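**Student:** So that we are looking at the same thing, I have put the structure below in structure tokens.
The values are calculated or read from the model by the stated rules, or taken from the named source; none is laboratory data. None of the values given here were measured: they were computed from a predicted structure. Note that we place each Cβ from the backbone using ideal geometry, even for glycine, and neighbour counts take in every protein chain shown. The protein model used for the area step is the full one, side chains on, heavy atoms only, and it has no ligands, DNA or RNA in it. Shrake-Rupley method; radii C 1.70, N 1.55, O 1.52, S 1.80 Å.
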Amino acid sequence: MTPEMENPLREEMRMERKAPPCAIVIFGASGDLNKRKLTPALYSLYQQHLLSNGFAMVGFTRTKMDHQAFRNLMTETTKEFAEGGIGDPAVWESFSQKLFYVAGDPNDPAAYQELKELLTNLDREQGTACNRVFYLSTPPELYAPIVKQLGAAGMSHPANSDSWVRIIIEKPFGYDLPTALKLNGEVGAVFDENQVYRIDHYLGKETVQNILVFRFANGIFEPIWNRNFIDHVQITAAESVGAGDRVGYYEASGALRDMIQNHLMQVFSLVAMEPPVSLDANAIRDEKQKVMMAVYPFTHDEVPRFAVRGQYGAGASNGKPVPGFREEIKAFNAKSKGHQYNEESDAPTYAMVRLMVNNWRWAGVPFFIRSGKRMPKRVSEVAIQFKRVPHLLFKQTKADRIEPNSLVIRVQPDEGITLKFGAKMPGQAMHIREVNMDFQYGQQFGRHSPEAYERLLLDCMLGDPTLFARRDMVEKGWELLGPVLDVWSEQKANFPNYEAGSWGPTEADEFIAHGAPHRRWRKP
Amino acid sequence: MTTSNMTNTETGQMKPFDLRTIEKDIRNLWEQKEEASEEKKSTSTRACVSNLLIYEDQEDMASLANTILDVTRHHPCRIIVMSSKANALEDKLEAGVSPVCSFTIAKGKEICSEQIIVKAEGDAVKRLSSSVMPLFVSDLPVNLWWRGVLVDAQPFSGLLGCADRVILDSSYSNRPTAFLSILAALSRERFKEAAFSDINWSRLTQLRSHVSGLFDVPDLLAYLKDLSKVSIEFPASASDEDLPAPQAMLLVGWFMSRLNWGLTEDILRSRTGATILKFLRGEQEITVDMTPSNKLENQDLRLTLTMTDHTGWQEARIVVTRNYAHNAIETKLETPTICWLKNVARYEMPTESELILSELEILGHDVVYENALECAAQIIEKM
């Protein structure tokens with residue numbers, strides 16, 4: 001039970017959820033993630049009075065600097081990256097007084113002793129109540145050493161029965177199943193699973209959370225949310241940008257690891273899961289895991305029947321010519337004096353998988369999940385494609401081309417929900433036109449959705465792991481997609497196979513229509 | 001916020017009240033809007049999430065217009081503004097339709113709602129509630145914001161039956177604290193039909209949230225059970241004849257309901273105008289005093305919580321001051337274990353539109369408020 005639950009003055013609907021006292025330690029505090037997302041998110045929470053009076057943030061990196069230099073650095077980066085900058089200087093000043101810094105090597109035990117002493121002082125001076133959040137915002141190879149050192153320094157478990165210690169781990173949670181198991185084993189040797197918060201910022205997005213509300217707070221959708229009414233589901237995360245300066249990262253990871261294994265599998269599980277027995281974090285995560293367990297585990301031989309990969313060649317984006325992925329690598333190598341990347345890389349910049357869920361609700365309904373770079377536009381959505389009407393009454397008219405209904409949940413941009421259906425056009429003839437019933441968050445609520453990191457950091461401080469990935473789900477995701485990763489790494493690809501600025505390779509178009517000519521990819 | 005203050009309303013021409021004319025005017029309004037959008041190659045979207053019925057008797061339409069713009073920017077809804085002059089010689093009922101639009105900067109889109117103004121004079125005031133009812137957008141909640149002095153007559157009594165939420169402001173009353181009892185009775189009697197809100201309660205939200213947040217610190221939470229004295233100082237100008245200020249009463253009602261205090265018969269009035277009450281929680285006695293102060297102004301409020309152990313030894317004292325002039329909530333703290341003694345948090349006095357918006361966000365009953373109001377009414381009854 002959290003302290004918030006025990007405070008009789010706290011429970012009510014007008015008061016926003018407010019974090020209990022705690023110190024948050026950010027490893028890799030001089031990195032981009034902290035500058036662009038974490039500190040701005042914490043500052044935004046502070047501005048909204050959602051942090052406790054007993055709050056402190058400690059930056060931990062190798063760079064030598066004192067508390068004031070760290071505060072100065074955060075002042076500059078927050079001015080640049082926070083929406084609205086620092087706003088009222090007096091408010092920033094009071095927030096910045098809660099920022100502290102420890103310089104040290106992540107492998108050096110002495111640095112952790114220094115950190116421990118600082119945190120103990122902060123308990124006394126700032127009222128952080130021995131509660132800790134450790135945030136690993138470092139390269140993944142440092143996760144295990146940091147976790148080990150935290151354990152060795154005696155910081156991995158609470159100092160008393162009223163306090164708590166949590167650790168947030170950024171993706172990637174491994175590179176494949178063996179590395180995920182290894183990482184989870186190393187973390188699990190020091191922290192209990194209920195202390196571990198694997199962050200997937202996609203789950204912090206308002207529309208993703210709304211999938212739960214949409215499905216389980218409305219009586220009209222759940223009865224048709226099954227194989228009897230749904231033909232197939234398309235989950236898309238498209239980006240218009242190319243790999244750019246991140247060719248190195250992308251060359252190693254590819255679209256399947258970068259987007260599908262984590263973000264889109266989480267979205268898939270929310271769409272496909274059964275109703276949870278309660279809104280308790282584990283009740284929801286149990287249902288998500290159950291649907292993952294029900295996914296047909298295809299073998300290495302079956303990969304071509306379940307997945308398609310692609311890589312963009314030269315083309316046009318936003319009206320301008322753009323190079324292909326391999327040309328980007330060549331350009332990067334030419335500029336780089338350091339590591340050179342494979343100029344004939346087979347890294348997929350587009351990946352698509354078909355998941356079949358073997359349970360009563362979804363038997364026979366394919367879930368097509370795709371993600372790609374250099375697509376015509378940046379868009380993420382879930383499209384539920386309903387079955388055609390059983391009997392076409394309007395065959396003798398021009399209306400026989402009417403499309404089946406679809407329900408589209410847009411994750412970004414223009415977060416909202418659209419239901420497409422046919423309506424008669426005014427006039428003497430029976431002409432039917434598709435029309436949209438459109439709900440947009442921006443229009444209906446007129447207030448900004450909190451940044452994903454704001455929501456997730458607050459959830460972690462409040463001890464609510466609902467929107468964080470659990471160990472078993474991460475491992476199951478790798479297990480399901482493992483054969484695809486293996487086959488794709490072993491077999492040479494015929495790349496590039498799609499033009500920058502297009503909706504992906506023709507193989508993907510043929511794939512979705514195979515055996516069901518009425519199916520085709522949406523072009524959102 | 002993604003919206004700008006680039007908003008506009010156009011005052012619709014007032015015409016004799018006729019439902020068909022109003023509906024036709026609304027249709028024309030959107031057709032004109034669509035044509036204008038096509039010419040400007042921009043997008044106007046009509047949005048509506050509820051009906052907001054506003055009764056205005058302050059003849060303060062200019063400030064109300066600004067509030068409406070702010071409200072619809074965040075909560076697009078059909079606005080129906082009613083005003084009345086019961087003492088006019090001539091019977092008159094007329095209406096005008098106009099759009100209320102705001103731009104979303106990030107998207108460059110214009111979000112529009114519609115506003116219908118209905119004015120009644122003379123005997124037509126009695127017909128006001130039945131006239132506006134057909135104007136509601138069906139299947140959407142109806143919020144009634146009564147922006148004026150409450151009278152137990154038409155149109156209020158007629159409108160009560162069709163509202164899902166009734167928003168009042170006890171500060172509008174001539175006897176604001178005494179009015180809390182009327183509100184509590186209304187809330188009780190009409191519980192199944194409508195939820196009641198008092199904007200004066202919303203004005204306390206930041207302060208209550210701050211006080212509540214103090215007890216999120218486990219060290220302080222432990223002291224809450226030893227709370228033995230609560231002192232509330234409020235501006236003398238906010239006193240309600242022989243009663244304390246309504247915000248002070250609601251605050252005591254909140255403590256009483258949240259901390260399960262039972263009210264005793266001991267009620268004292270000091271020469272300074274302070275009201276002293278005694279409560280019991282189990283065996284423990286809690287003293288509450290509410291004192292008018294000439295040093296406090298506007299929305300200033302000072303709350304002192306004193307915790308003592310079973311021997312009467314003072315363990316902790318927390319003084320929270322809502323300082324209107326300094327836009328600050330100051331907290332002073334004295335405990336044996338907590339080192340920080342003074343904390344200043346920014347206090348932003350909410351605007352009228354922010355207060356209304358916070359009410360519109362609530363669907364159904366605000367049980368915490370209703371309990372606090374009920375407790376405040378119990379105390380007032382004994383005074």
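**Student:** Among the residues of region A:149-167, which ones are within 14 Å of chain B (Cβ to nearest Cβ) and buried (at least 19 other Cβ atoms within 10 Å of the Cβ)?
**Tutor:** Matches in region A:149-167: A:Ser163, A:Trp164.
**Student:** What helices (runs of 4 or more DSSP H) completely inside region A:444-524 contain at least 3 residues that are at pLDDT 90 or above and open to solvent by less than 10 Å² (accessible area, probe 1.4 Å)?
**Tutor:** So the answer is A:452-462, A:471-490.
**Student:** Still on this structure, please answer the following. Being buried (at least 20 other Cβ atoms within 10 Å of the Cβ), away from every other protein chain (no Cβ under 14 Å) and at pLDDT below 95 narrows it down to one residue among A:Thr138, A:Thr128; which is it?
**Tutor:** A:Thr138
**Student:** Right, next: Might you let me know whether region B:205-224 holds any residue that is touching a residue at least 40 places away in the same chain (Cβ under 8 Å) and within 22 Å of B:Lys382 (Cβ to Cβ)?
**Tutor:** no
**Student:** Counting only residues that are in contact (Cβ under 8 Å) with a residue 40 or more places away in the chain and part of a helix (DSSP H, G or I), which one in region A:46-77 is surrounded by the most Cβ atoms within 10 Å (Cβ to Cβ)?
**Tutor:** Among them, the one singled out is A:Phe70.
**Student:** With within 30 Å of B:Phe179 (Cα to Cα), within 14 Å of another protein chain (Cβ to nearest Cβ), in a helix (DSSP H, G or I) and open to solvent by 60 Å² or more (accessible area, probe 1.4 Å) as the only criterion, which of B:Glu381, B:Glu370, B:Glu348, B:Glu354 stands out?
**Tutor:** Going through B:Glu381, B:Glu370, B:Glu348, B:Glu354 in turn, just one is within 30 Å of B:Phe179 (Cα to Cα), within 14 Å of another protein chain (Cβ to nearest Cβ), in a helix (DSSP H, G or I) and open to solvent by 60 Å² or more (accessible area, probe 1.4 Å): B:Glu354.
**Student:** Tell me yes or no: at least one residue of region A:417-427 is in contact with a helix residue (DSSP H, G or I) (Cβ under 7 Å, 6 or more places away or on another chain) and either at pLDDT below 80 or more than 20 Å from B:Cys112 (Cα to Cα) (or both).
**Tutor:** no
**Student:** Which of the helices (runs of 4 or more DSSP H) found entirely inside region A:265-381 contain at least 3 residues meeting this: within 25 Å of A:Glu475 (Cβ to Cβ)?
**Tutor:** In region A:265-381, the matching helices (runs of 4 or more DSSP H) lie at A:265-272, A:281-293, A:303-306.
**Student:** Right, next: For region B:201-225, which positions are among the charged types (D, E, K, R) and open to solvent by less than 30 Å² (accessible area, probe 1.4 Å)?
**Tutor:** Listed by number, the residues that qualify are B:Arg208, B:Asp216.
**Student:** Can I ask one more? Considering only region A:155-199, state which residues are in a helix (DSSP H, G or I) and among the hydrophobic types (A, V, I, L, M, F, W, C).
**Tutor:** The answer is A:Leu177, A:Ala180, A:Leu181, A:Leu183, A:Val187.
**Student:** I would also like to ask the following. Could you tell me which residue of region A:267-301 is modelled with the lowest pLDDT, considering only residues that are open to solvent by 10 Å² or more (accessible area, probe 1.4 Å) and charged (D, E, K, R)?
**Tutor:** My answer is A:Asp280.
**Student:** Also, I was wondering about something else. Quick check, is A:Ala111 hydrophobic (A, V, I, L, M, F, W, C), touching an Asp or Glu at 6+ places or on another chain (Cβ under 9 Å), closer than 23 Å to A:Arg132 by Cβ and away from chain B (no Cβ under 14 Å)?
**Tutor:** Yes.
**Student:** Still on this model: Take region A:15-32 and flag every residue that is in a loop (DSSP other than H, G, I, E, B), more than 18 Å from A:Asp66 (Cα to Cα) and open to solvent by 20 Å² or more (accessible area, probe 1.4 Å).
**Tutor:** A:Glu16, A:Arg17
**Student:** Step by step: first the residues of region B:111-132, then only those that are closer than 22 Å to B:Leu89 by Cα and among the acidic types (Asp, Glu), then the one that is farthest from the chain's Cα centre (by Cα). Which residue is that?
**Tutor:** Per the criteria, the residue is B:Asp123.
**Student:** Somewhere in region A:190-199, is a residue surrounded by 15 or more Cβ atoms within 10 Å (Cβ to Cβ) and either of a type in the set (Asp, Glu) or more than 24 Å from A:Asn282 (Cβ to Cβ) (or both)?
**Tutor:** Checking region A:190-199: not a single residue is surrounded by 15 or more Cβ atoms within 10 Å (Cβ to Cβ) and either of a type in the set (Asp, Glu) or more than 24 Å from A:Asn282 (Cβ to Cβ) (or both).
Residue by residue, here is whether (1) outside any strand (DSSP E or B); (2) among the aromatic types (Phe, Trp, Tyr); (3) more than 14 Å from every other protein chain (Cβ to nearest Cβ); (4) out of contact with any helix residue (DSSP H, G or I) (no Cβ under 7 Å at 6 or more places or on another chain) holds:
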residue	(1), (2), (3), (4)
B:Ser187	yes, no, yes, no
B:Gln206	yes, no, no, yes
B:His210	yes, no, no, yes
B:Ala222	yes, no, no, yes
B:Lys229	no, no, yes, yes
B:Gly253	yes, no, no, no
B:Lys278	no, no, yes, yes
B:Glu285	no, no, yes, yes
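**Student:** Which condition number does B:Ser257 fail, the rest of (1) surrounded by 13 or more Cβ atoms within 10 Å (Cβ to Cβ); (2) farther than 26 Å from B:Leu333 by Cα being met?
**Tutor:** (2)
**Student:** Tell me, please, whether a residue that is of a type in the set (Asp, Glu) and within 14 Å of chain B (Cβ to nearest Cβ) can be found in region A:58-74.
**Tutor:** The answer is no, given that none of the residues of region A:58-74 is of a type in the set (Asp, Glu) and within 14 Å of chain B (Cβ to nearest Cβ).
**Student:** Working only within region B:50-88, note down all residues that are assigned to a strand (DSSP E or B), open to solvent by 10 Å² or more (accessible area, probe 1.4 Å) and modelled with pLDDT under 90.
**Tutor:** B:Ser83, B:Ser84, B:Lys85
**Student:** Could you say whether any residue in region B:233-253 is among the hydrophobic types (A, V, I, L, M, F, W, C) and open to solvent by 40 Å² or more (accessible area, probe 1.4 Å)?
**Tutor:** Scanning region B:233-253, I find no residue that is among the hydrophobic types (A, V, I, L, M, F, W, C) and open to solvent by 40 Å² or more (accessible area, probe 1.4 Å), so the answer is no.
**Student:** Would you confirm whether or not region B:315-336 contains a residue that is open to solvent by 60 Å² or more (accessible area, probe 1.4 Å), farther than 30 Å from B:Leu53 by Cα, assigned to a helix (DSSP H, G or I) and touching a residue at least 24 places away in the same chain (Cβ under 8 Å)?
**Tutor:** Checked against the condition, which is being open to solvent by 60 Å² or more (accessible area, probe 1.4 Å), farther than 30 Å from B:Leu53 by Cα, assigned to a helix (DSSP H, G or I) and touching a residue at least 24 places away in the same chain (Cβ under 8 Å), region B:315-336 yields no hits at all.
**Student:** Can you confirm whether region B:177-196 contains a residue that is of a type in the set (S, T, N, Q), open to solvent by 10 Å² or more (accessible area, probe 1.4 Å) and over 20 Å from the mean Cα position of the chain (by Cα)?
**Tutor:** No, region B:177-196 contains no residue that is of a type in the set (S, T, N, Q), open to solvent by 10 Å² or more (accessible area, probe 1.4 Å) and over 20 Å from the mean Cα position of the chain (by Cα).
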